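Report on the following structure.
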There are 2 protein chains.
Amino acid sequence: MSKGTLLYAQSGGVTAVINTTAAGVIATARANGLKVLAGRNGIIGVLREELIDTSKESPAAIRALRHTPGGAFGSCRYKLKSLEENRAQYERLIDVLRAHDVRYFLYNGGNDSADTANKVSQIAAAFGYPLICIGVPKTVDNDLAVTDTCPGFGSAAKYTAVSMLEASLDVASMSESSTKVFVMEVMGRHAGWLAAAAGLAAKSPDEAPHIILFPEIPFEEEKFLAAVDKVVKRVGWCSVAVSEGLRTPDGKFLAEAGGKDAFGHVQLGGVGPQIAQLVKSKLGYKQHWAVPDYLQRSARHLASKTDADQAWAVGEAAVKYALKGMNAVMPVIKRVSDAPFRWKIEPAPLSKVANHEKTLPKNFIRKDGYGITDKARAYLEPLIRGEDVPPYGKDGLPVYVRLKNVPVKKKLADYAIADR
Amino acid sequence: MSKGTLLYAQSGGVTAVINTTAAGVIATARANGLKVLAGRNGIIGVLREELIDTSKESPAAIRALRHTPGGAFGSCRYKLKSLEENRAQYERLIDVLRAHDVRYFLYNGGNDSADTANKVSQIAAAFGYPLICIGVPKTVDNDLAVTDTCPGFGSAAKYTAVSMLEASLDVASMSESSTKVFVMEVMGRHAGWLAAAAGLAAKSPDEAPHIILFPEIPFEEEKFLAAVDKVVKRVGWCSVAVSEGLRTPDGKFLAEAGGKDAFGHVQLGGVGPQIAQLVKSKLGYKQHWAVPDYLQRSARHLASKTDADQAWAVGEAAVKYALKGMNAVMPVIKRVSDAPFRWKIEPAPLSKVANHEKTLPKNFIRKDGYGITDKARAYLEPLIRGEDVPPYGKDGLPVYVRLKNVPVKKKLADYAIADR
């Protein structure tokens, strides 16, 4: 007999371990007699009453979900407007939850999603519908307030540091007669956390990356070119990590792909090749550039064990908080100590998380603006520690699960999402 | 007492496993009482008499070399001219070999390097200098004639297939409200081997990559856009793998980065964003693109076991051939059977390898030009099979070795390489 129904939905850009969290939610809910539905494509599916019955998935499938990247139920970039702007949408949301007797709503996402979960909680209360809302943290950008880190970041950070290390060994071997400068673009719209993570590859000033371009530090072309030239003359070659969110001194993004996403954020891309081209045209050095893009946030094969453990733990804690009746909270990660690295999960009010963007602290960036400090290293290194390797098949590929995603029968009339 | 001196040098673009070959060479040479010198930055170091004494490296370092990417002694892009054009250069080469009593010259590279090794062998004979020259195969492009595959390709292929699989799980989850088309650019100047390898990720027509753009198939814009649109309408999203060497119907590269390398090859890059931009402007779909560049050929953390085993085996065989007095040959990989996958190493004359580029067979490409056939799959899959994982440190990074690279004392006058 079910002790109630829990609805889980994924939101925003997915990560290598958001499904690890999903697996933690489902396994814990099952162990506690809860039924788990999932929103197909996040809150969009909830509004459309496109729900997935996760009880149709085998225990083996849920175990495999733990090590499968992407968002198994689909995610979305869709932000609910304020109650004043679109009251009908919130009413619809409550209608759907009520129709399926959902008592627990878990929303797995970043800042915008914490905001949504918080609003849904307030509105359910205003409508007199008994609902527990829990935000579950996730984002490779690591920009959520309150929590020590965000699940998804550690694995993307590990990917970034390992890729910088490996590609730079390549550049070093080619530098005498070929490539002298290598530029790798990393994600991070407004916060240089992943750019900083690239810095973990360097254990000395002569090791790559020699220069990190943070979104927090306005880009000065002449100073940068002089720094590159100095490194090439000293080391023989130079590796640069550049954040997609790098800005000019007057605050504009260096590279704007043109489009905007559903949250109104400018879609970035292309600053890597731009910086490489600048080096080539101004300094004449042969260059190569890489833009891993989605590869860096989906590389489950290179997941950090710390990250996977934390991703599971926030999922597990979210269900436990829900069962305790804790409303409008998010399980966050609290670091107990750096060395030995110890952490625990604790609840934080959603209101404290929502829409507060956590940028890189000043004392994490080296004085010259091009590298990370020991403080940054002490913070970052434990997050990429350990490996959480998926099983591989005889075909040489990781064995990732594709869920059946059996739809729940609709009970309500169709609903068109007006403002899409 | 040394049984003679062997000189090993790396050439051209390095791979995730060229050092695995180097480790195979050094370990086998040591076991057989040979002294091993290495050219610093390949043939350039030999000409400059910049040689490295590998006997200064510990057995542990050589074991770690097996799993370290990049070229440990430095590689180069430098092609010797013909004897007629630069006789002095060949004389210098023989002078250096003679000065250090080198009796075995092992040159680890691609087509151009096989050609160089072949020429050096002929010239040594012409000069009456007793020298055994062995070419050792290497290239992620997989375009060497005679051998079943080239060490380096299997690991780059595995990286390409895994990256396509992972990133596409990401795209699939975002497609409802965000990214609908994902484009990944892969290496391969003239041959679509790595593009084909991306196809290993798809086990059905609805799985990624849905479209592969091969350098062997001229790009037809209208046909391509129609194919993308059809996939998006059927599947909801579309992943594209595009070769850096994609050409227009009149034979021009779609993207030319402008520069040329030392071999006179055009330096490519940027066709990935170009194709993505085309999709966006013509079809209006939100897109993301990735260009892994050097990441795909240096990802030792994701090396294929088949590839690592073969890389070691060609290094080991090269030394054994040398000791048997086999001159102007290359140890190549001969496939004995697909299932079970069995292979062996056998010698091939360098003259048969040199400067013959092996492109993708017609029957490896699907009739519509956008995918791979079962024949291709049967060939490719064994090459990415198995994992050869490096050890990881407490810092969360693979433990890669940096050799001491102790220089050998010069015995000759300085030499400037004239035509650089």
Distances from B:PRO218 to the same residue in each other copy, label points 7 Å out along Cα→Cβ, in nm, shortest first? 5.1
Among the GluC sites (Glu not before Pro) within region A:19-85, which fall in a DSSP loop and have no more than 16 other Cβ atoms within 10 Å of their own Cβ? A:GLU84, A:GLU85
Using the alpha-carbon centroid of each, what span in Å lies between region A:132-147 and region B:105-182? 43 Å
Between A:ALA117, A:ALA208, A:ALA61, find the one with the highest GNM mean-square fluctuation for chain A; connect C-alpha pairs within less than 10 Å. A:ALA61
Estimated Rh, region B:342-420: Kirkwood, alpha-carbon pairs, angstrom: 19.4 Å
Among B:ALA191, B:THR160, B:LEU93, which residue has its Cα positioned farthest towards the positive end of the charge dipole of region B:93-197, with +1 placed on the Cβ of Lys and Arg, -1 on the Cβ of Asp and Glu, and the dipole taken about the Cα centre? B:LEU93
Hull surface divided by four, with the convex hull built on the Cα atoms of chain B: how many nm²? 21.4 nm²
If the chain between B:VAL389 and B:ASP338 were fully stretched, how many nm would it gain, using 0.36 nm times the residue separation less the Cα-Cα distance? 16.0 nm
Taking every pair of alpha-carbon atoms in the protein assembly as shown, what share in percent sits in each 10 Å bin, from 0 to the bin with the longest distance? 3, 14, 23, 24, 18, 11, 5, 2, 1, 0
Just to confirm the numbers: B:TYR129, label point 7 angstrom along the Cα-Cβ line, distances to the other copies in nm, shortest first? 8.4
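Once you have the Kirkwood Rh of region B:61-166 from its Cα pairs, apply Stokes-Einstein at 25 °C and 0.890 mPa s and quote D in µm²/s. Kindly include the intermediate steps, with their values, before the conclusion.
Details: Rh = 15.9 Å.
Rounded to a whole number, D works out at 155 µm²/s.
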Pop the C-beta distance of B:SER281 and A:TYR129 into the FRET formula with R0 = 60 Å and round what comes out to the nearest 0.05. 0.85
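Net charge near B:GLY135: determine it from the other residues with C-beta under 12 Å of the C-beta of B:GLY135, scoring Lys and Arg +1 and Asp and Glu -1.
Numbers: positive: B:LYS119, B:LYS138, B:LYS352; negative: B:ASP112, B:ASP115.
Here the count lands on +1.
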Rounded to the nearest 5, what is the percent of antiparallel bridges among the DSSP beta bridges in the protein assembly as shown? 40 percent
Could you tell me, in Å, what Rg and Dmax come out for the Cα atoms of region B:153-297? 14.4, 46
Any idea what diffusion coefficient region A:18-66 gets from Stokes-Einstein, in µm²/s, Kirkwood Rh on alpha carbon pairs, 10 °C, 1.306 mPa s? 143 µm²/s
Contour excess over end-to-end distance, with Cα ends at A:LYS230 and A:HIS356 and 0.36 nm allotted per residue: 41.5 nm
Could you state the number of Å between the C-alpha centres of region B:298-339 and region B:392-408? 24 Å
Computed FRET efficiency, Cβ-Cβ of A:ARG402 and B:ALA378, R0 25 Å: what is it to the nearest 0.05? 0.55
Sorting from shortest, the nanometre distances separating the label point of A:PRO361 (7 Å past Cα along the line to Cβ) from those of the same residue in the other copies are 6.1
For region B:23-79 and region A:1-39, what is the separation of their C-alpha centers, rounded to whole Å? 53 Å
Within region A:153-299, pairs of Lys residues whose Cα atoms are less than 24 angstrom apart, provided they are eight or more positions apart or on distinct chains, add up to 25
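I'd like the mean, over residues of A:283-290, of how many other protein chain beta carbons sit within 10 Å of each residue's own Cβ. Write out the running numbers ahead of the final one.
On the way: counts 0, 1, 0, 6, 4, 6, 6, 9.
Mean partner-chain Cβ count within 10 Å for A:283-290: 4.
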Evaluate peptide A:72-78: per residue, the Cβ atoms of other protein chains within 10 Å of its Cβ; return the mean as an integer. 5
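How would you rank A:ARG48, A:ARG366, B:ARG66, going from fewest to most other Cβ atoms within 10 Å of each one's own Cβ?
If I rank by nearby Cβ atoms, fewest first, I get A:ARG366, A:ARG48, B:ARG66.
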Please give the average number of partner chain Cβ atoms lying within 10 Å of the Cβ of each residue in A:154-161, rounded to a whole number. 1
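What list do you get for B:ASP115, B:ASP53 if you sort them by fewest beta carbons within 10 Å? Mind dumping the intermediate values first?
Numbers: B:ASP115 21, B:ASP53 17.
With the fewest neighbours first, B:ASP115, B:ASP53 line up as B:ASP53, B:ASP115.
Viscosity 1.306 mPa s, temperature 10 °C: what is the translational diffusion coefficient of region A:375-420 from Stokes-Einstein with a Kirkwood Rh over Cα pairs, rounded to a whole number of µm²/s? Each step should come with its number before you reach the end.
Working: Rh = 16.6 Å.
This corresponds to a translational diffusion coefficient of 96 µm²/s.
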Considering the rotational relationship between chains B and A, which residue of chain B contributes the beta-carbon of minimal distance to the axis, and what is that distance to the nearest Å? B:VAL291, 2
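Readers should treat all values here as calculations from the given coordinates under stated rules, not as data from a laboratory. Values in this document were obtained by computation on a predicted structure and should not be read as measured data. As a convention, Cβ positions derive from the backbone with ideal geometry for all residues, glycine included, and neighbour counts pool all protein chains shown.
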